[in-house]
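**Q** To start, I am sharing the structure in question, which I have written as structure tokens.
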Amino acid sequence: MSTLYVVSTPIGNLDDLTPRAAAALAGADRVLAEDTRRTSILLRHIGARTPMVALHEHNEASRVERVTRWLDAGETLALVSDAGTPLVSDPGSRLVGAVVEAGHEVVPVPGASAVLAALVASALPADRFAFLGFMPRRGGDRAATLARIADSAETTVVFESPERLETLLVDLAARCGEGRPAAVARELTKVHETVRRGTLAELLGYYQVEPARGEVTVVVSPAPPVTDDDRLGEARSEARRLLDEGTKPSRAAREVARRTGLSRNRAYELVQLLQDEG
């Protein structure tokens, strides 16, 4: 059984490479790199001459058989992405699955992560969070992701390009409310690192004047808890809409309960009351 090390690498500052990660890269027979040009800088930094093989989203499927052959032959391999932790919005999932299926060991070497760095610097709750990767650009996937962020009971972290940050803040403010707390982390660990905190409206106002540059991570606070008054108001509006559309009371009550979380009996009482009011 051979070993594939999944090695986290710096997201900007080369000094963030851990001694264990440096040892794994220097001691491997080959480094599987998303971008060999960028990884060569890292290897020179630690004085390693490990041979590199390109493994990225366009060739990962075709590389799997070759990689498993190297492991079958007893080689030790290290997988790295351009920056941060491999597989987190980066290639490697297919490869790791195949390596495990082939009976070899996969060993993580933890280190830098833009997700965690942005989360802990955001001053937002970090005990529970969801990372959703890069924001979908358009269509149903984007709408569903925005809805998930808006309704989330936990802090949400997403990646976005600087060119699309303003559009994302506009969409988030519209879906989550302009007053929702958030943070935009830019160029983490690099010379021009900034973490700007505020409401979505405040962040939008800033970046409309000062367009973002560099790599961007956005952190959005959890949705405020829904009170009984909020739920009852939503249920009343939903029940009235359904009745006005001609929905039968029993079905309207079921729909109101399903969509608002109100109990079935309470929803039926509400529907009956609205029906009596006309």
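**Q** Confirm whether S221 is among the polar types (S, T, N, Q) and within 30 Å of A114 (Cβ to Cβ).
**A** yes
**Q** Here are L87, L71, L119, L43: which of them is outside any helix (DSSP H, G or I) and aliphatic (A, V, I, L, M)?
**A** The match here is L87.
**Q** Could you grab the pairs with beta carbons closer than 9 Å, sequence gap of 6+ or different chains, first residue in the stretch 207-219 and within 13 Å of L172 (Cβ to Cβ), second one surrounded by 13 or more Cβ atoms within 10 Å (Cβ to Cβ) and modelled with pLDDT under 95?
**A** Here the result reads none, with nothing in the stretch 207-219 linked to a residue that is surrounded by 13 or more Cβ atoms within 10 Å (Cβ to Cβ) and modelled with pLDDT under 95.
**Q** Something else: Filtering the stretch 19-37 down to residues that are within 24 Å of the chain's Cα centre (by Cα) and either modelled with pLDDT under 95 or in a loop (DSSP other than H, G, I, E, B) (or both), which residue is farthest from V80 (Cα to Cα)?
**A** Looking at residues that are within 24 Å of the chain's Cα centre (by Cα) and either modelled with pLDDT under 95 or in a loop (DSSP other than H, G, I, E, B) (or both), I get D35.
**Q** Scan the stretch 129-163 residue by residue and report those that are touching a residue at least 60 places away in the same chain (Cβ under 8 Å) and surrounded by fewer than 18 Cβ atoms within 10 Å (Cβ to Cβ).
**A** A150, D151, A153, E154
**Q** Checking the structure you have, find out if any residue of the stretch 26-44 is buried (at least 21 other Cβ atoms within 10 Å of the Cβ) and touching a Phe, Trp or Tyr at 6+ places or on another chain (Cβ under 8 Å).
**A** Yes, the conditions are met somewhere in the stretch 26-44.
The values are calculated or read from the model by the stated rules, or taken from the named source; none is laboratory data. Since the model is a prediction, treat every value here as computed from it, not as a measurement. As a convention, Cβ positions derive from the backbone with ideal geometry for all residues, glycine included, and neighbour counts pool all protein chains shown.
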